[in-house]
Amino acid sequence: MLGVDVVNDALKTLFLAIQDLIKYDKNIDLAFGFCNVRFFNRGLKTQFLSELSKSVGSSHFENKMVRQSSPVSTRWTTKYNDSWAKSTLGSLVKKPNTVITQALNEKTQALKIMSLDMSSNGRFFNAGSSLM
């Protein structure tokens with residue numbers, strides 16, 4: 001599943017491309033399956049599938065569109081680590097120990113700072129020695 005920012009950027013790019021094509025008097029016909037969107041002579045026309053109003057208006061449509069029947073509050077109380085441990089992928093790939101990972105990250109950051117100090121110290125030392 002794509003992230004929200006990726007989808008937003010893709011849609012913005014698509015609409016900017018449509019605006020550019022219309023600006024240069026190009027005709028566009030977008031066939032989405034459930035709807036055709038047409039830009040002719042800088043005008044917009046849409047034509048929806050005739051069965052669309054019947055299927056959307058039926059009493060069974062909403063039940064088909066629901067992804068889960070449990071309330072959202074149950075998702076909020078579910079812990080990610082518990083569901084990960086029970087999943088198939090979670091049994092194959094074990095998550096690293098967070099305490100050890102955090103300690104290693106802190107050590108890496110400390111080494112970065114020390115290397116910056118050493119490189120800046122070396123520059124001052126070399127600059128001073130070249131003056132003599």
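The values are calculated or read from the model by the stated rules, or taken from the named source; none is laboratory data. No experiment lies behind these values; they were computed from the predicted model shown. Don't worry about glycine lacking a Cβ; one is built from the backbone with ideal geometry, like all the others, and counts go over all protein chains shown.
Answer with yes or no whether S55 is surrounded by fewer than 11 Cβ atoms within 10 Å (Cβ to Cβ), among the hydroxyl-bearing types (S, T, Y) and modelled with pLDDT under 90.
So S55 does not fit the description; no.
Determine, yes or no, whether T46 is modelled with pLDDT of 90 or more, within 30 Å of L11 (Cα to Cα) and among the hydroxyl-bearing types (S, T, Y).
Yes, satisfied.
So how many residues does the range 39-64 have that are in a strand (DSSP E or B) and of a type in the set (K, R)?
Adding up the residues that qualify gives 1.
Looking for something surrounded by fewer than 10 Cβ atoms within 10 Å (Cβ to Cβ), outside any loop (DSSP other than H, G, I, E, B), hydroxyl-bearing (S, T, Y) and modelled with pLDDT of 75 or more - is there at least one such residue anywhere in the range 11-29?
no
In this structure, does Q102 turn out to be modelled with pLDDT of 75 or more, among the polar types (S, T, N, Q) and within 30 Å of V37 (Cα to Cα)?
No: the conditions fail for Q102.
Looking at the range 37-62 only, could you name the residues that are under 22 Å from K23 (Cβ atoms) and touching a residue at least 12 places away in the same chain (Cβ under 8 Å)?
Passing the criteria: F39, F40, N41, R42.
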